[in-house]
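Peer 1: What follows is a structure written as structure tokens; I'll ask about it next.
Nothing in this text is a laboratory measurement; each read-out follows from the coordinates by a stated rule. None of these values were measured; they are calculated from a predicted model. For neighbour counting, all protein chains shown are included, and Cβ atoms are generated from backbone atoms with ideal geometry for every residue, glycine included.
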Amino acid sequence: MKHTPLNLDITNRNVTKKNIVNRRDSKVKNLVITGMFTAIICVLSQISIPTQPIPFTLGLFAIFLTGALLPPRAAFLSVLAYLLLGAFGLPVFAGFKGGIHALTGMTGGYLMAYPIMALVTSSLFKYSKKWKLLFLAAGMVLSLILCYVIGTLWFTFVTDNSFYTALTLCVFPFIIFDLMKIGFAIFTSTIIKKAIDKVITNE
């Protein structure tokens, strides 16, 4: 009986060590996945058509995909890392642009809204109990509206144009294409999730 507390203590220590290792592995895994999605955003943002004042890119599609596939914190950090890379001069923005001026310029507000978009999309999807695809779509639409509002307000501030003029230049021409990106992101993320679940099940 005297040895029982010692055995329990050893068992508890083993469990604690195992938990620490699992947490460490989980953190490394999350870091790798976050970095991977940052790289995906960098790549997809370069697929663009140089229209003015805002180029047509797959950047928004990458943001929607990140929000759909990552948990809220990872989604936010992944997109934030993308902005920081660009702010420090790496040519990760559309047209291989980089530098802080890309964020402080007249269209920088749309870029600055990206982390919020990923966070909103991921949060609505993760915390929804039912109709998850519906909440995913709603999160993407809501995040897109936030992007329009934040970006347009920044555009009017920098250029001294009216809000309606900014909408005419920066929002109205892109609405249909942005909604198509939402549909494509939902379709793509659903396929990816099914593929991941299938691999996990087979293992």
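Peer 1: Is there a pair in Lys130/Lys181; Lys126/Lys181; Lys27/Lys130; Lys97/Lys194 whose C-alpha atoms are over 32 Å apart, and which pairs would that be?
Peer 2: Numbers: Lys130/Lys181 23 Å; Lys126/Lys181 20 Å; Lys27/Lys130 29 Å; Lys97/Lys194 35 Å.
The pairs that break the limit, which is 32 Å between Cα atoms, are Lys97/Lys194.
Peer 1: Highest mean first, what order results for 121-132, 172-183 on Cβ atoms within 10 Å? Each step should come with its number before you reach the end.
Peer 2: Numbers: 121-132: 16.8, 172-183: 14.3.
Put in order of decreasing packing, that is 121-132, 172-183.
Peer 1: While we're looking at this one, here's another question. Go through Phe88, Thr121, Thr107 and say which Cα lies farthest out towards the positive end of the charge dipole of segment 47-203; charges sit on Cβ, +1 for Lys and Arg, -1 for Asp and Glu.
Peer 2: The residue sitting farthest along the positive end of the dipole is Thr121.
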